[in-house]
Amino acid sequence: MIELVLTIIGRDRAGVVASLADVVRFHDGNWKRSELAEIAGTFAGVVVVEVGDDRVDELLTNLLVLREQGLHVTAQQVEEPTTAPDAYAVRLRLTGDDRPGVVHEISSAVSELGISISRLGTVTDMPGTNGVMQFEITAQLTVPVGADLDVVIDSIGQLATRLNITLQVDDLTGE
């Protein structure tokens, strides 16, 4: 069996996921994991599928049919997995007045701490006070066990204070 990471992007419409799932199923593939979303009328997603060695080429060829439906699909074989180090899973929820550069400042600060962002979601069209639009950033972090989690959280908290934004932290390790 071979694992492939498929990326898909195109105009959103009813049946996009069903079209992709149909091609995978037709080749006896197994849909293992996915992150899919519609944003501003565009459908985008990442899907990990597993398919038999003898079906890969045929699957890849048939994915091209989706181009006729306005979808662009790419595929990449998953490399041999490396053993992931033990880590804490932490979710941050940051909210405040929207302005350019917020995602840059937060992601840069997290990166400088040597922490990976494993998932990121942003929304910037929430009405706030005084007619100012609000943003919400939800970031899931992978914090290596060797890192001092309190120092990481304190550092991000100081950034939130400096930016005048609200920070909520959830430890997901126990979930």
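What number, rounded to the nearest 500 deg cm²/dmol, is the helix-based mean residue ellipticity at 222 nm of the chain, given -39500 (n - 2.57) per DSSP H run of at least four residues and division by all its residues?
-8000 deg cm²/dmol
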Percentage of interatomic Cα-Cα distances in the range 91-149 larger than 16 Å = 47 percent
query = Where nothing but the Cβ of Lys and Arg (+1) and of Asp and Glu (-1) is charged, how large is the charge dipole of the range 2-77 around its Cα centre, in debye to the nearest 20?
reply = 300 debye
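Please report the equivalent ellipsoid semi-axes of the chain, computed as sqrt(5 x eigenvalue) of the Cα gyration tensor, largest first, in whole Å.
36, 23, 11
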15 Å beta-carbon shell around Asp125, net charge (K/R +1, D/E -1) = -3
ask   = Charges only on Cβ, +1 for Lys and Arg, -1 for Asp and Glu: so what's the dipole of the range 25-175 about the Cα centre, in debye to the nearest 20?
value = 420 debye
remark   = Along the dipole axis of the range 75-153 (charges at Cβ: +1 for Lys and Arg, -1 for Asp and Glu; origin at the Cα centre), the most positive-end residue among Val78, Leu113, Ala89 is Ala89
task = Rounded to whole Å and ordered largest first, report the semi-axes of the equivalent ellipsoid of the range 1-69 derived from its Cα gyration tensor (root of 5λ).
result = 21, 13, 9
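Assigning unit charges at the beta carbon (Lys, Arg +1; Asp, Glu -1) and nothing else, what dipole magnitude in debye, to the nearest 20, does the range 87-171 show about its Cα centre?
Working: 5 positive and 11 negative charges, 29 e Å.
Dipole of the range 87-171, to the nearest 20 debye: 140 debye.
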task = Rank-order 141-153, 17-29 by packing density, defined as the average count of other C-beta atoms within 10 Å over each peptide's residues, highest first.
result = 17-29, 141-153
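Rule-based calculations on the coordinates, nothing more; no lab input. None of these values were measured; they are calculated from a predicted model. Don't worry about glycine lacking a Cβ; one is built from the backbone with ideal geometry, like all the others, and counts go over all protein chains shown.
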